[in-house]
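Asks: I have a structure here, written as C-alpha cells, and I will follow up with some questions on it.
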Amino acid sequence: MPDAGPSGPAERPGSSPASREPAESSGPCTPAEAPAESGDASSHHADRRTRVTVLVALAANLVIAAAKAVGGLFSGSPALLSEAAHSVADSLNEVFLLAALRRSRRPADARHPFGYGKERFFWSLLAAVGIFVMGGCFSFYQGVEALRGGGEESQSGYLAGLIVLGVALVSEGASLLRALYQVRKQGGSKGMRDPALRTVVAEDGTAVLGVTLAMAGMALHMVTDQVLWEASASLAIGALLVYVAYRLGRDARDQLIGQAADSEMCDRIRALLDAQPEIDSVESLLTMEIGLDSVLVAARIDLVPGMDSEEVEEVSERIKRSVSHLVPQAEQIYLDVTDSRIARRDGRVDPPAVAHPHGSGEDAGNGADTGDRDDRDPAATGERGGA
C-alpha cells in the first residue's frame, strides 16, 4: 500500500480556504477548533444549571455555617462545632467549583491545544482536599478534645444547638433535593460524571447525614449527661468526611491522569470501524477523556491492500467524520493508517486491542507505540472531529 503522506485536519463542510490557512501554517501546535455549536449550546446550558445548583448550595452553607458556629460557641457542643467546620469547608469547595465551571470552558490556545477541560477535575480535587482538611481533621480534633476534657452544657445550650441543627437539616435537605433533581434532568448516572455536580451531591448528602449524627449525639448527651455520645458523633462525622473526600479525590485523580472513555462508547466506535469495508483490521483503539464532554480517540487501522495515497486520504477523512457523527464527544480523532503485515514482520504492532476504562494496563498499552515507524508505513492522520 503506498505511503499516504502526512494528512492535516479534515475540511469541515462549508468552511472557506481563508478559515483553514492558520491551521495549515501553524503545524502540530495549532489549537483545537471549538466544538460544534449544538454541542456547545447543550454544554453551556448544563453548566448554567450546575452553576445555579452550586450557588444554591453555597448560599445554604454560608448561612448554616454561621448559625452552627454561633450555636456551637454558645452551647460548647463539639458535634455542633464539627458541623460548623463541615459547612465552612463546603462553602470553600463551592467557590472552587464555581472557578472550575468558569475556567474549564476557556477556548483552546497554543499553550493548551486540547483545551482546558481538565481544569474541572483539578478544582474538584482541591475541593476533596478541602473536605478532608477543613472538615474531617477538625471534626476528629473536636471529638478527641471532647473525650479528653469532658463537656458541660446547659439546657438552653442543648435546645439552641438542636434548633440550629434542625434548621440546617431542612436547608441541607433542600439543597440536596435541588442537586438530585439536576442529576435526574441530566440523565441520572450520566449527570454524575460532572465533577462539580457530583461534589455538590456528595457534600449535601454528607451534610444531611452529619447533621443527623450531630442531633443524635447532642440528644443522647442531654439525656444521659455523658459527653461520650457527642464526642462519638463528632468522630463519626470526621470519618464520614474523610471517606467522602477519598472517593471524590480518587475520581478526580482518575480523570486528571487520563481516564479512558466508558466501555459502551469504545464498543460503538470499534463496531463502526469494523464495519468499514476499507478497513482490513483494527489493530488498536485508545480513548481518553480530555474534558467533561470531550474525548480523544486514537486508532491504528490496517486498510485493505491496493489503495493509493489519494484513496487512503479520502477514506481516512470519511471515517473520522463518521466517528464524529456517531460520538459527538469525540472532539479529537486521530487515525494511524498502517500496513499490519510489514509492522508485524518487524515486531512493531501488538495483536488487535481496544482500550476500556477498567481494562488491564497491558490492554491499554497495546498499539500505543505509534512513533516507531519507518518509510514503509503510511503516516498517521489526525483531525478534530465534528466535520
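No lab work stands behind these numbers, since they all come straight from the coordinates. Note that the coordinates shown come from a computational prediction; the quantities given were computed from them, not determined experimentally. Quick reminder, even Gly has a Cβ in these numbers, built from the backbone with ideal geometry, and neighbours come from all protein chains shown.
Asks: Taking 35 Å as R0, compute the FRET efficiency from the Cβ-Cβ separation of Val95 and Leu177 and round it to 0.05.
Replies: Step by step, r from the Cβ atoms, then E = 0.95.
Asks: What residues of the range 287-314 lie in the reach of a label at Glu278, counting those whose backbone N is under 18 Å from a point 7 Å from the Cα along Cα→Cβ?
Replies: 298-314
Asks: Here is a further query. Using the charge dipole of the range 176-294 (Lys, Arg: +1 at Cβ; Asp, Glu: -1 at Cβ; taken about the Cα centre), state which of Leu292, Thr224, Ile257 has its Cα farthest towards the positive end.
Replies: Farthest towards the positive end: Thr224.
Asks: Residues with amide H under 5 Å of Asp336's amide H, sequence separation 5 or more or different chain, H placed in the peptide plane at 1.01 Å from N; which?
Replies: Amide H to amide H, under 5 Å and 5 or more residues apart or across chains, Asp336 pairs with Ala299, Arg300, Ile301, Thr381.
Asks: At a Cα cut-off below 30 Å, give the lysines reachable from Lys185, other chains included and same-chain residues fewer than 8 away excluded.
Replies: Lys118
Asks: Another question, if that's okay. Would you grab the residues whose amide H sits under 5 Å from the one on Ile290? Only those 5+ places off in sequence or on another chain, please, with H modelled 1.01 Å from N.
Replies: Val295, Leu296
Asks: Of all DSSP beta bridges in the range 259-329, what percent run antiparallel (nearest 5)?
Replies: Beta bridges within the range 259-329, antiparallel portion: roughly 100 percent.
Asks: Using label points projected 7 Å from each Cα along Cα→Cβ, tell me how many nm separate Leu228 and Asp308, to one decimal.
Replies: Placing both labels 7 Å along Cα→Cβ, they lie 9.0 nm apart.
Asks: Under a 5 Å amide H to amide H cut-off, with H placed in plane at 1.01 Å, what residues pair with Ser281 once short-range neighbours are removed?
Replies: Asp302
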